[in-house]
Structures are given as C-alpha cells and as structure tokens.
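First the structure, in the form of structure tokens, and then the observations on it.
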Amino acid sequence: MHKTNHSFIQEKKHILIITTGGTIAGTTIKNLEYKAGNTKGEELIASIPTLKQIATLKIDPISQIGSQDMNDAVLLKIAKRIQMAEKDPTLSGIVITHGTDTMEETAFFLDKVITSTKPIILTGAIRPPNFISADGASNLISAITLATKSKAYHYPVMIVMNDTIFDARNVQKNNTTNLQTFQAPNTGPIGIINNNHVYFYHAPNHTNTHSYKLPKKAPFPRVDIIYAHIQMDGKLIRDAIHRGAKGIVLAGVGNGNSSTEALKTLKEATQQGIIVVRSSRTGSGFVNRNIEINDDENRFIVAADLNPQKARILLQILLANQIHDLHQIQQAFYKLN
Ligand code: GLU
C-alpha cells in the first residue's frame, strides 16, 4: 500500500493580530487628505488576501485611533491581551498594527511590562492604503512573517517597517513622511526582511526576560516632558509642579542640559518629591550623570540612552510599580540588558 509521507507539509502558524488604528487603517478623504484608523481591524486584514497564505490569523480589534490619541487605557488593554496570548499554546506570535507617530512608545511600554517568549511585533504605514506606493500591506506581510519565525523567540518587542527590523529600546521615528523614517540612531537595526526571509544582523542589546508589573489602572502616574530651548525660564516647570506631576522629563539641550533658571526650578521640583529625569532633545547618545550638572547634589536622574518620550514611559512604569528610591530608579534607566 502507498504510504503518504506528511513530514514536508508545514502547518501554518497561528498569529494574533491586534489592530489599534493608524495610517495603515486609514481612508482617503480627498487628494492627500486622509483619516487614520477609519478601517475596522477585520476589514484591514481582509483587504490583504496574501496574509492568509503566511499564517492563520486571529484578529482582535482593540481600537481605531490615530496613535497621537494612544493612551494609558488602550496600552493596558493591549498588554492584557498579549498576556492572554502568551498563555495560549495555539498562538505562535503577536502582531500589533499601530499608527507610526507614537509606535515607539507603545513598543517600549510593552517591552517593559511583558515577559514574553513569543515574538511581539508592531507595524504600521506611512502612506494610507490607496495612496501610490502604499506601504501598509508589505509592512504587515513582513511583520507576520517575522512573527512566525522561531528564531525570533526570546527577542525583545520589535518594530518592522520598510523591511527593517528594530528593537523597542533603540527604535525611534526620525522623519515625518519618509518610508525609512524608523531608525535606531545608537545601535542600528537588528535585521532585515529580504524576499520573505528574516535575517538578523546582530542580537539586540537586551532580551525580553525581565519586566515590571503592568500598572493596575489607567491613567498611569502623571509625568510631563518639558522641552528645553534658549531663553528658557522656569514657568512651564512650575506649571507642571502645580498640576500635580509626579515626574518631569527634561528634553534637554545637548547632554540633557538647560538654562540656569530652568535647572534651579527643576531642583525645586525634586525638593517637593517630584522625580526629575534629564534626557536630550538631540535624538541620539547617552545622557550621563555628573558631567556638566551635579546630579547627586540636585537629586536628578539621567535618562541614559532613552529619548524623552521613552524616559517618560519608563518613569511612569516605575512609579506605578511603587519604585521611588532614586538609586533604584537610576539603575532602571541604565538597565540595557
Ligand atoms: N498620526 C497618525 C498615527 O500615528 C498617522 C501616522 C501614521 O500612522 O503613520 O496614527
């Protein structure tokens, strides 16, 4: 009797797709005008039939927002859904569709609160679906392809855009409209997708094995970002103090610096128990302790390699985890791996 050998038939992996909105789910209004997040999750996936050939997809539409409206409640929802997916043995990976404007913040948040073995990948689009050279479909194909790869297990949360793979800590949006807007200025990308194959150039400088507890409720503790500039006074800082900020992140000039008056006001903030983190508006590099500014004396924290928006997320997570000790907070910023 003829014996059938099934060993070469590969079962399609099951991937959870969490949709949140963004340009990838946008619809055109007229000319170059469009609205982000108009399309329902199921419609978005159905509009790209190739996706079904790569994996069996389970779709979970969580929101339909432009990522400028991303907020703590939606972040919590995404994280809880991923925690459930982690426990589901039938699921091999998770892809999140998201607007590109704040994608790096969501990716970094998830990286810090989820302990995951399965790949977690965010993707989106720079151009809405019916624009010439729209990039959403190919980005989604790349993200789902990456989510099916067992070599992506134990990797940190990743962003895939324009065939390029980045880790959550180091990635940032660098250009308003260019397809290669995502970059990792300090480390470079960790890999590429080429011809549907995943190539990792180097291992990321951290894994996804440690995490903080998911904040119990939204909104998370208030942390404001204050942007430094010439002729800076202390008024916005004082305003943040009066509005009840629990933390202030300085998007400082150069190595996390600002005017004498702003620094004096930030010191006043620390005297009232507010955590002050010095980050940089330059877009790359580390902010280190006690170089131009005496952080020990001022009781300031430095952001290390985190840009202001990620420094803000980390401080919120730490405060939500009841971590108030300055030494511990400082260590958390330097925890690259
Ligand atoms: N502002 C929108 C968003 O971030 C559009 C940008 C995009 O998705 O590329 O959702």
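Based on this model, can you work out whether VAL253 counts as closer than 29 Å to VAL171 by Cα, surrounded by 23 or more Cβ atoms within 10 Å (Cβ to Cβ) and aliphatic (A, V, I, L, M)?
Here the answer is no, as VAL253 does not meet what is asked.
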Within segment 134-145, track down each residue that is touching a residue at least 40 places away in the same chain (Cβ under 8 Å) and either more than 18 Å from ASN194 (Cα to Cα) or buried (at least 24 other Cβ atoms within 10 Å of the Cβ) (or both).
GLY136, ASN139, LEU140, SER142, ALA143, ILE144
Residues in segment 87-133 that are of a type in the set (Asp, Glu), more than 21 Å from ILE24 (Cα to Cα) and surrounded by 19 or more Cβ atoms within 10 Å (Cβ to Cβ) total 1
Just to be sure I understand, how many residues within segment 89-132 are of a type in the set (S, T, N, Q), over 19 Å from ILE48 (Cβ atoms), in a loop (DSSP other than H, G, I, E, B) and within 11 Å of the ligand (Cβ to nearest atom)?
1
Within segment 165-187, is there a residue that is outside any loop (DSSP other than H, G, I, E, B), crowded, with 21+ Cβ neighbours inside 10 Å and among the aliphatic types (A, V, I, L, M)?
yes
When every residue in segment 15-56 that is surrounded by fewer than 18 Cβ atoms within 10 Å (Cβ to Cβ), in contact (Cβ under 8 Å) with a residue 40 or more places away in the chain and assigned to a strand (DSSP E or B) is compared, the one nearest to the ligand (Cβ to nearest atom) is TYR34
Among the numbered criteria (1) of a type outside the set (Lys, Arg); (2) in a strand (DSSP E or B); (3) without any contact (Cβ under 8 Å) to a residue 12 or more places away in the chain, which one does ILE248 miss?
(3)
Among the residues of segment 167-226, how many are of a type in the set (S, T, N, Q), in contact with a strand residue (DSSP E or B) (Cβ under 8 Å, 6 or more places away or on another chain) and in contact (Cβ under 8 Å) with a residue 60 or more places away in the chain?
5
Residue count for segment 157-213, restricted to those that are under 17 Å from the mean Cα position of the chain (by Cα) and among the hydrophobic types (A, V, I, L, M, F, W, C)
12
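Conditions (1) in contact with a strand residue (DSSP E or B) (Cβ under 8 Å, 6 or more places away or on another chain); (2) of a type in the set (Gly, Ala, Ser), marked per residue:
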{"position": "VAL249", "(1), (2)": "yes, no"}
{"position": "SER258", "(1), (2)": "yes, yes"}
{"position": "LYS264", "(1), (2)": "no, no"}
{"position": "ASP296", "(1), (2)": "no, no"}
{"position": "PHE300", "(1), (2)": "yes, no"}
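Kindly indicate whether any position in segment 222-234 is of a type in the set (Lys, Arg), at pLDDT 95 or above, touching a Lys or Arg at 6+ places or on another chain (Cβ under 9 Å) and surrounded by fewer than 18 Cβ atoms within 10 Å (Cβ to Cβ).
For segment 222-234, residues of a type in the set (Lys, Arg), at pLDDT 95 or above, touching a Lys or Arg at 6+ places or on another chain (Cβ under 9 Å) and surrounded by fewer than 18 Cβ atoms within 10 Å (Cβ to Cβ): present.
So for segment 60-68 (the condition being of a type outside the set (Ser, Thr, Tyr), in a helix (DSSP H, G or I), within 12 Å of the ligand (Cβ to nearest atom) and touching a residue at least 24 places away in the same chain (Cβ under 8 Å)), does at least one residue qualify? Can you show your working first?
Taking segment 60-68 as the starting set, the residues that turn out to be of a type outside the set (Ser, Thr, Tyr) are 60-62, 64-66, 68.
Cutting the leftovers down to in a helix (DSSP H, G or I) gives us 68.
Right, trim to within 12 Å of the ligand (Cβ to nearest atom) and you get 68.
From the residues that got through so far, the ones that are touching a residue at least 24 places away in the same chain (Cβ under 8 Å) too are 68.
Yes, segment 60-68 contains a residue that is of a type outside the set (Ser, Thr, Tyr), in a helix (DSSP H, G or I), within 12 Å of the ligand (Cβ to nearest atom) and touching a residue at least 24 places away in the same chain (Cβ under 8 Å).
The values are calculated or read from the model by the stated rules, or taken from the named source; none is laboratory data. Source: prediction; values computed, not measured. With ideal geometry, Cβ positions are generated from the backbone for all residues, glycine too; neighbour counts draw on all protein chains shown.
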